[in-house]
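Novice: Below: one structure in C-alpha cells.
The values are calculated or read from the model by the stated rules, or taken from the named source; none is laboratory data. Keep in mind it's a predicted model, so treat the numbers as computed, not measured. Don't worry about glycine lacking a Cβ; one is built from the backbone with ideal geometry, like all the others, and counts go over all protein chains shown. Note: accessible area is taken over every heavy atom of the protein model, side chains too, but ligands, DNA and RNA are not part of it. Shrake-Rupley method; radii C 1.70, N 1.55, O 1.52, S 1.80 Å.
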Amino acid sequence: MGDKVSESITIDATPKAVMAVIANLVDYPQWSEGVTGAEIITSHPDGAPKDVAMTIATPVGKDTYEIGYVWDGHKSVSWTLNSDEQGKPKSSLMKALNGTYTLSKDGKGTKVVYELEIDPKIPMMGFMKRKAAATIADSALHGLKRHCER
C-alpha cells in the first residue's frame, strides 16, 4: 500500500495561468526536478493530455512510466499510474502513483494543493515512502511556483 502526502503553496498567478503550466506536460523537465522527459500518448476529446509517458531519474534509478490524467477545467487535475492488459503497472519502479493538483483563488494568487500517493516496488519502510512522497510534492510545488512567477 502506498503512502499519501498533501502539501500546498500559494502562487502569484491566476488559476488559469497555473493550470496552463501544469497542463503543458512536455515542459515538465524545465521545472519539475527529476523529470527528464514527457510524451503525450493520447489526448482527451478537448485536446487535454490523457495518457502520458513520463521519464524520471531518481537516486534509486531511471524509469519511464505511463500515467492517465483526468482534468476538471482550471480547478483540478488528477492522475493514476496506468496498467497493462494483465493489470501490471506500467512502471519498473512503482506499483502505484496517484496524485492531484487542486487550485483555488487565494487573494490575488492561487492556492495549489498537491496530493500524492506512491508505492514503490522496492521494499521501503513506511516513513521512507512518506519522506519520498513529501520530497516529490515539495519539489513539484516549488518548481511550479518558480516557473509560474518568472
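Novice: Just a yes or no: is a residue in segment 77-88 touching a Gly at 6+ places or on another chain (Cβ under 7 Å), open to solvent by less than 60 Å² (accessible area, probe 1.4 Å) and not in a strand (DSSP E or B)?
Specialist: yes
Novice: Sticking with this one: Quick check, is D51 farther than 25 Å from V18 by Cβ and either part of a strand (DSSP E or B) or in contact with a strand residue (DSSP E or B) (Cβ under 7 Å, 6 or more places away or on another chain) (or both)?
Specialist: no
Novice: Using beta carbons and a limit of 7 Å, which pairs, at least six apart or on different chains, have the first residue in segment 99-119 and under 12 Å from M19 (Cα atoms) and the second one in a strand (DSSP E or B) and of a type in the set (K, R)?
Specialist: Pairs found: S104/K111.
Novice: Moving to a separate point now. From D72, D46, which residue is open to solvent by 60 Å² or more (accessible area, probe 1.4 Å), out of contact with any Leu (no Cβ under 6 Å at 6 or more places or on another chain) and within 21 Å of E115 (Cα to Cα)?
Specialist: Just one listed residue meets the conditions, D72.
Novice: Report the residue count in segment 134-150 for those that are in contact with a helix residue (DSSP H, G or I) (Cβ under 7 Å, 6 or more places away or on another chain) and of a type in the set (K, R).
Specialist: Within segment 134-150, residues that are in contact with a helix residue (DSSP H, G or I) (Cβ under 7 Å, 6 or more places away or on another chain) and of a type in the set (K, R) number 1.
Novice: Do you know which residues across segment 89-128 are at pLDDT 95 or above, surrounded by 14 or more Cβ atoms within 10 Å (Cβ to Cβ) and of a type in the set (K, R)?
Specialist: K90, K111
Novice: So which residues in segment 11-43 are surrounded by 14 or more Cβ atoms within 10 Å (Cβ to Cβ), assigned to a strand (DSSP E or B) and modelled with pLDDT of 95 or more, if there are any at all?
Specialist: Of everything in segment 11-43, those that are surrounded by 14 or more Cβ atoms within 10 Å (Cβ to Cβ), assigned to a strand (DSSP E or B) and modelled with pLDDT of 95 or more turn out to be I11, A38, E39, I40.
Novice: Could you tell me whether segment 48-57 includes any residue that is within 15 Å of T102 (Cα to Cα) and more than 14 Å from the chain's Cα centre (by Cα)?
Specialist: no
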